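Visitor: Have a look at the structure that comes next, please.
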Amino acid sequence: MTWSATARGAHQPDNTAFTQQRLPAWQPLLSASITLPLFFCAGLAFIGLGLGLYYSSNGIKELEYDYTGNPGTGNCSVCAAEGQGRAPPPNCSCAWYFSLPELFPGPVYLYYELTNFYQNNRRYGVSRDDAQLSGLPSALHHPVNECAPYQFSAAGLPIAPCGAIANSLFNDSFSLWHQRRPGGPYVEVPLDRAAIAWWTDYHVKFRNPPLVNGSLALAFRGTAPPPNWHRPVYELSPDPNNTGFINQDFVVWMRTAALPTFRKLYARIRQGNYTAGLPRGAYRVNITYNYPVRVFGGHKLIIFSNISWMGGKNPFLGIAYLVVGSLCILMGFVMLVVYIRYQDQNDEDDDDE
């Protein structure tokens, strides 16, 4: 008995208010006078915010063009027809002509959009080697098994960057030209392609391997590019600060999208005579058509868009706030009717007693 009491005392919590659960507590009792105003106030707040988001989204101007190349949809159909659903022939190009009757206010963002492309597929999403993308030399030559079948080349060399995401890198390119006066020459519009990736991706997640004798090409020696690439990763750009694993286009592509229809930033237009936006006039977009989408039933689009305080065009967010706010007010009225009805019954019961 003495041993049991000692053992029981050794395992007994301290006799404090916290361990013995004697702390003072407050349990709110939600009455109708508290709940109903909360529902109405929340509903009005959601509706106000939803109206602001909705009208702000509608105020964003967008200009888009589907250059997939379906038959009868413009000169890009020539490139798509030559590809016959496979990779288009090299150096195939087409153009999109459009006119702006008034200023397209800036800053203007140039996006490309893909449809029916499931980057959220589980096998696709894990087909990468984050250690390799962070520049570790050991991972560069020993890619993880998740990259298969894009882990090693046919010659047995490790692929860098490995995986299905890198292999499917978007490789169409665009240039914008402006005709300032009718019949005049076209002048190229400068596209700012710097800092289009997330800061954390470019400065933290993606790093090049250490240089060998000051050469990035020597650092990637003994590796092979992905099968769909026509050049190695260290030749993605002549700019040493924008090539290899830290190439802006590559980093943007490697951040996978959650939905099968997605946009990715290609460039900003905010330099020279175009800081205020795109002035009125005739424009031409030269398109280098490389990326096949008809093989999986997808479409690809070019989109010019500006932004507002809430970001890009997204009417869904405003509509969602409006729906939630309306439901809050509707439920508030329903509870108010129920409260009045049963309150009257309680008063009658009290009078009968």
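Visitor: Considering only residues of region 121-162 that are among the hydroxyl-bearing types (Ser, Thr, Tyr) and more than 18 Å from residue 250 (Cα to Cα), which is surrounded by the most Cβ atoms within 10 Å (Cβ to Cβ)?
Guide: First pass over region 121-162, keeping only residues among the hydroxyl-bearing types (Ser, Thr, Tyr): 124, 127, 134, 138, 150, 153.
If we keep only those that are more than 18 Å from residue 250 (Cα to Cα) as well, we get 138, 153.
On the way: 138: 9, 153: 15.
Checked region 121-162; the qualifying residue surrounded by the most Cβ atoms within 10 Å (Cβ to Cβ) is 153.
Visitor: Moving to a separate point now. Out of the residues in region 203-216 that are under 29 Å from residue 112 (Cβ atoms) and of a type in the set (A, V, I, L, M, F, W, C), state the one that is least open to solvent (accessible area, probe 1.4 Å).
Guide: So the residue we want is 206.
Visitor: Do we find that residue 166 is under 20 Å from residue 265 (Cβ atoms), exposed (fewer than 15 other Cβ atoms within 10 Å of the Cβ) and touching a Phe, Trp or Tyr at 6+ places or on another chain (Cβ under 9 Å) in this structure?
Guide: no
Visitor: Looking at (1) farther than 30 Å from residue 216 by Cα; (2) within 20 Å of the chain's Cα centre (by Cα); (3) touching a residue at least 24 places away in the same chain (Cβ under 8 Å), which one does residue 280 not meet, given that it meets all the others?
Guide: Result: residue 280 fails condition (2) only.
Visitor: Being more than 20 Å from residue 248 (Cβ to Cβ) and open to solvent by less than 20 Å² (accessible area, probe 1.4 Å) is the filter here, so list the residues in region 183-202 that pass it.
Guide: 184
Visitor: So, of the residues in region 217-227 that are farther than 23 Å from residue 164 by Cβ and out of contact with any strand residue (DSSP E or B) (no Cβ under 6 Å at 6 or more places or on another chain), which turns out to be least open to solvent (accessible area, probe 1.4 Å)? It would help to see each step written out before you state the result.
Guide: To start, the set of residues in region 217-227 that are farther than 23 Å from residue 164 by Cβ comprises 217-219, 221.
The next check asks that each one be out of contact with any strand residue (DSSP E or B) (no Cβ under 6 Å at 6 or more places or on another chain); those that pass are 217, 221.
On the way: 217: 41, 221: 160 Å².
Ranking the qualifying residues of region 217-227, first place goes to 217.
Visitor: Please enumerate the residues belonging to region 229-260 that are open to solvent by 90 Å² or more (accessible area, probe 1.4 Å), of a type outside the set (A, V, I, L, M, F, W, C) and assigned to a loop (DSSP other than H, G, I, E, B). Explain how you work it out, then say what you get.
Guide: To start, the set of residues in region 229-260 that are open to solvent by 90 Å² or more (accessible area, probe 1.4 Å) comprises 230-231, 235, 238, 240-241, 259.
This time we only want the ones that are of a type outside the set (A, V, I, L, M, F, W, C), so: 230-231, 235, 238, 240-241.
230, 231, 238 - these are the residues of region 229-260 that are open to solvent by 90 Å² or more (accessible area, probe 1.4 Å), of a type outside the set (A, V, I, L, M, F, W, C) and assigned to a loop (DSSP other than H, G, I, E, B).
Visitor: I'd like to check something: does region 301-315 contain any residue that is surrounded by fewer than 16 Cβ atoms within 10 Å (Cβ to Cβ), within 24 Å of the chain's Cα centre (by Cα), of a type in the set (Val, Ile, Thr) and not in a loop (DSSP other than H, G, I, E, B)?
Guide: No: zero hits.
Visitor: Can you tell me which condition residue 249 does not meet? The list is (1) within 28 Å of residue 314 (Cα to Cα); (2) modelled with pLDDT of 95 or more; (3) in contact with a helix residue (DSSP H, G or I) (Cβ under 7 Å, 6 or more places away or on another chain), and all the others hold.
Guide: (3)
Visitor: When you go through (1) at pLDDT below 90; (2) open to solvent by less than 60 Å² (accessible area, probe 1.4 Å) one by one for residue 43, which number turns out not to apply?
Guide: (1)
Visitor: Identify, please: which residue in region 261-300 is part of a strand (DSSP E or B) and of a type in the set (Ser, Thr, Tyr) and is, among those, farthest from residue 162 (Cα to Cα)?
Guide: Taking the candidates together, the pick is 283.
Visitor: Next question, about the same structure. Among all residue pairs at least 6 apart or on different chains, which show Cβ distances below 7 Å where the first residue, located in region 53-69, is open to solvent by less than 40 Å² (accessible area, probe 1.4 Å) and the second is hydroxyl-bearing (Ser, Thr, Tyr)?
Guide: 53/321; 56/308; 60/305; 60/308; 69/77
The values are calculated or read from the model by the stated rules, or taken from the named source; none is laboratory data. Note that the coordinates shown come from a computational prediction; the quantities given were computed from them, not determined experimentally. Using ideal geometry, Cβ is built from the backbone for each residue, glycine included, and neighbour counts are taken over all protein chains shown. What goes into the accessible areas is simple: the full protein's heavy atoms, side chains included, and nothing from ligands, DNA or RNA. Shrake-Rupley method; radii C 1.70, N 1.55, O 1.52, S 1.80 Å.
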